[in-house]
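*Asks:* Structure in structure tokens, see below.
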Amino acid sequence: MEKLIVEGGRPLSGEVRISGAKNAALPLIAATLLTAGKHTLRNVPDLRDTRTFFRLMAELGVTSERKGDVVTLDSTNLVHAEASYDLVKTMRASVLVLGPLVARLGRAKVSLPGGCAIGARPINFHIMGLKALGVSCKLENGYVDAERDSPLQGNVIYFDIPSVTATENLLMAAVLAEGTTVLKNAAREPEIGNLVDMLNGMGADIEGKESDKLTIHGVKTLRPADCEIIPDRIEAGTYLIAIAATGGSGTVTHCNPAHLPSLLEKLRAAGLTVTETEDTVTVGWPEGINSFTKRLQSVDIKTMPYPGYPTDLQAQFMTLMAIGSGVSMINETIFENRFMHVAELKRMGADIKVDGHNAVVTGKGIQGLSGAPVMATDLRASSSLVIAGLAASGRTEITRIYHLERGYEDLVGKLTGLGATVWKEQEQEVVRKS
């Protein structure tokens with residue numbers, strides 16, 4: 001396996017182009033299952049997760065062809081309704097095929113999902129919603145076995161907690177149901193808005209985009225999709241934090257600042273200058289790096305469903321607070337195991353104390369972190385360690401970087417373009433004598 005080497009202590013500067021959103025691409029790919037024909041998706045990121053999803057689609061009978069960031073999928077010969085464990089175990093988003101398969105084929109058998117070990121992610125909301133639409137669901141041998149004997153029937157479905165993937169799955173199922181379906185307390189993330197736009201472009205009738213109440217008037221048929229994936233707000237936020245943590249000044253381009261309201265306000269509160277245009281964000285320090293060493297203020301964050309502070313940017317912001325000038329409280333409300341990066345940051349010198357869902361970060365200033373060998377535990381924890389390595393003095397070696405490759409396209413190339421010294425190496429295999 002490969003490891004990532006980061007030589008720290010260099011301010012980042014320049015511009016970095018943001019790729020399409022992983023968390024938007026996956027449900028849009030799944031939505032092509034809803035009707036036969038050739039679908040076109042644009043701005044598709046080339047990631048481990050998207051490649052895995054295309055393999056899953058191929059297993060179901062859907063072919064795909066990539067040219068640059070444009071992918072054409074042909075779902076005409078969809079014949080299989082089973083998503084096997086071998087693929088689903090690596091990526092929890094694979095469960096997104098459940099809704100469209102049941103809607104189109106009348107049945108689906110999908111392995112219970114895997115992915116990062118950041119906490120329990122039950123699919124009870126998916127099953128509850130499908131049952132409300134008239135689907136029979138059984139959990140057997142690690143699979144969800146779903147089947148309908150008659151057309152799906154619209155219904156009112158209430159989520160106790162907003163769930164992104166359950167909202168997406170039930171949206172896709174309900175567009176072909178008879179009558180009207182109302183999803184209450186639905187998730188409001190921009191990625192869901194992207195899916196609503198795609199489905200409406202295919203001929204669906206969905207009202208309530210960007211609200212927590214989605215009304216779906218079922219239609220009998222859909223047409224193939226032609227849709228562009230929105231920019232990745234988590235990738236954009238990660239680079240903004242990385243620039244800030246190194247005392248640099250830089251711009252993320254081809255992004256949507258409106259999708260990052262809470263992060264941008266927290267960066268301003270930490271003392272950065274933040275300038276937005278329609279599709280760029282520039283961050284820096286009022287007086288350059290000398291200001292950075294004095295003015296990085298500690299601020300608190302609490303992760304919340306959108307438009308609150310995103311859990312996917314919690315680990316990265318914790319790294320920034322580790323080199324702040326005060327005490328920061330990080331309250332994680334979404335996933336119970338999302339502090340696994342803390343132990344690795346402490347290896348690099350960070351002062352962090354965890355108590356349940358809260359982490360108290362005492363900033364140690366720009367000299368507070370030093371390079372060390374660390375291990376990635378999940379996708380976003382991986383990026384927090386990269387940021388720590390960029391801000392630290394000395395060399396940081398990060399192992400298990402396959403986590404990073406799930407969600408960051410051309411990370412080394414983009415960081416190098418900002419002036420970082422970072423590269424990949426093969427890990428040395430340790431041979432033990434018996």
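*Asks:* What do you reckon, is A258 within 23 Å of the chain's Cα centre (by Cα), under 17 Å from A420 (Cα atoms) and among the small types (G, A, S)?
*Replies:* Details: within 23 Å of the chain's Cα centre (by Cα): yes; under 17 Å from A420 (Cα atoms): no; among the small types (G, A, S): yes.
For A258, the condition - within 23 Å of the chain's Cα centre (by Cα), under 17 Å from A420 (Cα atoms) and among the small types (G, A, S) - is not met.
*Asks:* Moving to a separate point now. Would a scan of region 261-283 turn up a residue that is within 20 Å of L296 (Cα to Cα), surrounded by fewer than 24 Cβ atoms within 10 Å (Cβ to Cβ) and touching a Ser or Thr at 6+ places or on another chain (Cβ under 6 Å)?
*Replies:* Checked against the condition, which is being within 20 Å of L296 (Cα to Cα), surrounded by fewer than 24 Cβ atoms within 10 Å (Cβ to Cβ) and touching a Ser or Thr at 6+ places or on another chain (Cβ under 6 Å), region 261-283 yields at least one hit.
*Asks:* Moving on to the next point. Kindly provide the set of residues from region 204-240 that are over 26 Å from E278 (Cβ atoms), touching a residue at least 40 places away in the same chain (Cβ under 8 Å) and polar (S, T, N, Q), ordered by number.
*Replies:* Result: T221, single match.
*Asks:* Taking region 400-415 only, how many residues are part of a loop (DSSP other than H, G, I, E, B) and crowded, with 17+ Cβ neighbours inside 10 Å? Spell out the reasoning first.
*Replies:* At the first step, the residues of region 400-415 found to be part of a loop (DSSP other than H, G, I, E, B) are 400-401, 406-410.
Checking which are crowded, with 17+ Cβ neighbours inside 10 Å leaves us with 400-401, 406-409.
So the answer is 6.
*Asks:* Sort out which residues of region 242-257 are in contact with a helix residue (DSSP H, G or I) (Cβ under 8 Å, 6 or more places away or on another chain) and surrounded by fewer than 23 Cβ atoms within 10 Å (Cβ to Cβ), and write them in order of number.
*Replies:* S249, N256, P257
*Asks:* Only residues that are assigned to a strand (DSSP E or B) and surrounded by fewer than 16 Cβ atoms within 10 Å (Cβ to Cβ): list them for region 218-236, please.
*Replies:* Going residue by residue through region 218-236, those that are assigned to a strand (DSSP E or B) are 226-228, 231.
Of everything in region 218-236, just one residue is assigned to a strand (DSSP E or B) and surrounded by fewer than 16 Cβ atoms within 10 Å (Cβ to Cβ), namely D226.
*Asks:* So how many residues does region 52-72 have that are under 17 Å from G20 (Cα atoms) and either in contact (Cβ under 8 Å) with a residue 12 or more places away in the chain or crowded, with 16+ Cβ neighbours inside 10 Å (or both)?
*Replies:* Number satisfying all stated conditions: 8.
*Asks:* Got at least one residue in region 186-198 being in contact with a Pro (Cβ under 7 Å, 6 or more places away or on another chain), within 19 Å of T311 (Cα to Cα), without any contact (Cβ under 8 Å) to a residue 60 or more places away in the chain and not assigned by TED's automatic domain parsing to the domain that holds A391?
*Replies:* yes
*Asks:* Is there any pair linking a residue in region 241-253 that is touching a residue at least 40 places away in the same chain (Cβ under 8 Å) to one that is charged (D, E, K, R), with Cβ under 6 Å and at least six apart or on different chains, and which?
*Replies:* T251/E15; T253/E15; T253/R17
*Asks:* Go through the residues of region 340-356 one by one and say whether even a single one is out of contact with any strand residue (DSSP E or B) (no Cβ under 9 Å at 6 or more places or on another chain), on the phi > 0 side of the Ramachandran plot, small (G, A, S) and assigned by TED's automatic domain parsing to the domain that holds A270.
*Replies:* yes
*Asks:* Which residues, taken from region 114-148, are at pLDDT 95 or above and either in a loop (DSSP other than H, G, I, E, B) or over 26 Å from K213 (Cα atoms) (or both)?
*Replies:* Residues satisfying the conditions are L133, G134, V135, E147, R148.
*Asks:* Return yes or no: is T90 polar (S, T, N, Q), outside any loop (DSSP other than H, G, I, E, B) and touching a residue at least 24 places away in the same chain (Cβ under 8 Å)? Please lay out each step first, then the result.
*Replies:* Working: polar (S, T, N, Q): yes; outside any loop (DSSP other than H, G, I, E, B): no; touching a residue at least 24 places away in the same chain (Cβ under 8 Å): yes.
Here the answer is no, as T90 does not meet what is asked.
*Asks:* Could we say that T167 is among the polar types (S, T, N, Q) and surrounded by fewer than 18 Cβ atoms within 10 Å (Cβ to Cβ) here? So that I can check it myself, show each step before the final result.
*Replies:* Values: among the polar types (S, T, N, Q): yes; surrounded by fewer than 18 Cβ atoms within 10 Å (Cβ to Cβ): no.
Answer is no for this residue.
*Asks:* Report the residue count in region 1-40 for those that are outside any strand (DSSP E or B), of a type in the set (A, V, I, L, M, F, W, C) and surrounded by 19 or more Cβ atoms within 10 Å (Cβ to Cβ).
*Replies:* Applying the first criterion (outside any strand (DSSP E or B)) to region 1-40 yields 1, 8-12, 18-19, 21-37.
Still in the list and also of a type in the set (A, V, I, L, M, F, W, C): 1, 12, 18, 21, 24-26, 28-31, 33-34, 36.
This time we only want the ones that are surrounded by 19 or more Cβ atoms within 10 Å (Cβ to Cβ), so: 12, 18, 21, 24-26, 28-31, 33-34.
Total meeting the criteria: 12.
*Asks:* Do we find a residue being in contact with a helix residue (DSSP H, G or I) (Cβ under 6 Å, 6 or more places away or on another chain) and surrounded by fewer than 16 Cβ atoms within 10 Å (Cβ to Cβ) anywhere in region 316-324?
*Replies:* No: region 316-324 contains no residue that is in contact with a helix residue (DSSP H, G or I) (Cβ under 6 Å, 6 or more places away or on another chain) and surrounded by fewer than 16 Cβ atoms within 10 Å (Cβ to Cβ).
*Asks:* Now, a different point. Looking only at residues that are of a type in the set (A, V, I, L, M, F, W, C) and assigned to a strand (DSSP E or B) in region 367-399, which one is surrounded by the fewest Cβ atoms within 10 Å (Cβ to Cβ)?
*Replies:* Only one residue fits best here, namely M375.
*Asks:* For region 236-259, which residues satisfy the criterion of being closer than 16 Å to L411 by Cα and modelled with pLDDT under 95?
*Replies:* Result: no residue meets the conditions.
The values are calculated or read from the model by the stated rules, or taken from the named source; none is laboratory data. From a predicted model like this one, the values you see are computed outputs, not experimental measurements. Cβ: placed from backbone, ideal geometry, glycine included. Neighbour counts: every protein chain shown.
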